[in-house]
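These notes concern the structure reproduced below.
The values are calculated or read from the model by the stated rules, or taken from the named source; none is laboratory data. No experiment lies behind these values; they were computed from the predicted model shown. A quick note on method: Cβ atoms are made from the backbone with ideal geometry, for glycine too, and the neighbour counts reach across all protein chains shown. These area figures cover heavy atoms from the full protein model, side chains too; ligands, DNA and RNA do not enter into them. Shrake-Rupley method; radii C 1.70, N 1.55, O 1.52, S 1.80 Å.
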2 protein chains.
Amino acid sequence: METETATNWLSDDEQCAWRTYLDVNRMLTYQMEKDLQPFGLTNNDYEILVNLSESADKRMRMSDLAAATLQSKSRLSHQITRMENAGLVRRENCESDRRGLFAVLTEQGTATMEKVAPHHVASVRRHFIDLLSSEALADLRESLGPVAEHLRGHRGKI
Amino acid sequence: METETATNWLSDDEQCAWRTYLDVNRMLTYQMEKDLQPFGLTNNDYEILVNLSESADKRMRMSDLAAATLQSKSRLSHQITRMENAGLVRRENCESDRRGLFAVLTEQGTATMEKVAPHHVASVRRHFIDLLSSEALADLRESLGPVAEHLRGHRGKI
DNA sequence: CTCACTTGGTTCAGAATTCAACTTCTTAGG
DNA sequence: CCTAAGAAGTTGAATTCTGAACCAAGTGAG
């Protein structure tokens with residue numbers, strides 16, 4: 001009794017698209033990281049700074065931040081500890097739920113953001129945005145949007 | 001004397017495209033990793049297996065493999081050691097350059113590839129390829145190709 | 001009320017990654 | 001030749017990440 005169905009391999013075009021996507025992905029991450037390095041930040045640090053700086057009162061609950069950045073609670077906890085030591089954020093108790101903690105952007109964290117953001121944007125432009133026509137960009141949004149939706153609804157499920 | 005030029009911030013559309021791209025990136029990586037987990041492989045393992053299995057004689061020089069996967073020599077060395085312990089690859093001396101080493105796919109490595117690949121392809125389809133129309137896919141190839149080119153030419157430079 | 005269950009977060013141990021030596025071999029210049 | 005510079009890999013220590021165990025605080029059914 002054969003329950004296996006024949007594998008639906010990728011066509012050449014599909015294969016090519018997928019690999020290109022992966023390549024861009026990997027190289028872009030690498031390049032962003034390199035471009036942040038002079039400021040002593042990692043991609044991860046930066047992402048957290050962005051999240052915090054865009055939140056009301058520049059603060060977020062640990063678990064929300066973990067969810068937003070798709071990190072485990074454990075990893076985020078370590079990460080925030082490091083950033084706390086670097087003076088970028090601090091932890092603050094949550095009144096309404098005494099189990100909870102906020103990660104809060106410090107003055108220095110805000111200042112860092114303001115200093116680094118322009119360079120980061122320039123980097124994003126140089127290595128991505130400015131290499132795409134505005135139509136290409138629109139297409140990208142439209143086609144990747146549903147993929148993002150799909151993945152969001154998936155969270156760990158098979 | 002003001003040498004700063006005004007920051008060319010991202011427009012809403014650009015911002016949205018960029019964030020969508022980042023989100024898909026992160027969630028997709030996460031999902032691929034999850035889907036490989038039952039087979040005891042990481043994305044990294046899999047990528048190396050793919051590279052080796054597509055190479056002549058199922059072997060690659062360590063440095064070429066490092067370059068192909070954008071890892072440091074050190075990291076690759078550790079990685080190969082682990083995979084060697086798992087029986088997936090072995091190291092072999094290089095005749096022509098006695099400093100050099102090949103990473104070679106073992107029988108077991110090949111078998112693992114054959115077993116896992118169909119599931120991996122299915123995963124790629126489910127979470128990416130099949131969510132895009134063939135036009136969207138073609139557009140993606142066309143617009144991301146030059147980005148990949150640009151990044152390839154960049155390798156660490158600012 | 002209270003006992004089980006969930007949630008929010010940390011901690012610890014083990015695994016992976018980085019970074020800076022270090023070894024060996026190759027190559028090019030004089 | 002011989003030597004200095006560079007390339008191929010490895011190693012080890014320090015850092016980061018993962019996963020499970022844990023604690024403390026909220027939730028809710030009986």
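Is one or more of the residues making up region A:96-110 part of a helix (DSSP H, G or I), modelled with pLDDT of 95 or more and in contact with a helix residue (DSSP H, G or I) (Cβ under 8 Å, 6 or more places away or on another chain)? There is at least one residue in region A:96-110 that is part of a helix (DSSP H, G or I), modelled with pLDDT of 95 or more and in contact with a helix residue (DSSP H, G or I) (Cβ under 8 Å, 6 or more places away or on another chain). Of all residues in region A:45-62, exactly one satisfies the criterion of being touching a strand residue (DSSP E or B) at 6+ places or on another chain (Cβ under 9 Å), buried (at least 19 other Cβ atoms within 10 Å of the Cβ) and within 14 Å of chain B (Cβ to nearest Cβ), namely A:48. Looking across region A:1-21 at every residue that is open to solvent by 70 Å² or more (accessible area, probe 1.4 Å) and among the aliphatic types (A, V, I, L, M), the one that is nearest to the other protein chains (Cβ to nearest Cβ) is identified as A:6.
Cβ separations smaller than 6 Å between residues 6+ apart or across chains give the following pairs from region A:82-98 residues that are farther than 14 Å from residue A:60 by Cα to residues that are in a strand (DSSP E or B) and open to solvent by less than 70 Å² (accessible area, probe 1.4 Å): A:83/A:89. Scanning region A:1-45 for residues that are of a type in the set (D, E, K, R) and part of a helix (DSSP H, G or I) gives A:12, A:13, A:14, A:19, A:23, A:26, A:33, A:34, A:35, A:45. If you go through region B:63-91 and keep only what is open to solvent by less than 60 Å² (accessible area, probe 1.4 Å) and away from DNA strand C (no atom under 13 Å from the Cβ), you end up with B:65, B:67, B:68, B:87, B:89. For region A:24-62, filtering for residues that are closer than 17 Å to residue A:127 by Cβ, near DNA strand C (Cβ under 9 Å from one of its atoms) and of a type in the set (A, V, I, L, M) leaves 0. Just for region A:24-42: of the residues that are open to solvent by 40 Å² or more (accessible area, probe 1.4 Å) and within 11 Å of another protein chain (Cβ to nearest Cβ), which one is nearest to the chain's Cα centre (by Cα)? Of everything passing the filter in region A:24-42, A:29 is nearest to the chain's Cα centre (by Cα).
Looking across region A:97-125 at every residue that is away from DNA strand C (no atom under 11 Å from the Cβ) and either charged (D, E, K, R) or more than 29 Å from residue A:30 (Cα to Cα) (or both), the one that is most open to solvent (accessible area, probe 1.4 Å) is identified as A:107. On inspection, residue A:79 does not qualify as within 14 Å of DNA strand D (Cβ to nearest atom) and either in a loop (DSSP other than H, G, I, E, B) or within 18 Å of residue A:119 (Cα to Cα) (or both).
When restricted to residues that are within 18 Å of the chain's Cα centre (by Cα) and free of Cβ contacts under 8 Å to residues at least 12 places away in the same chain, region A:99-139 contains 6.
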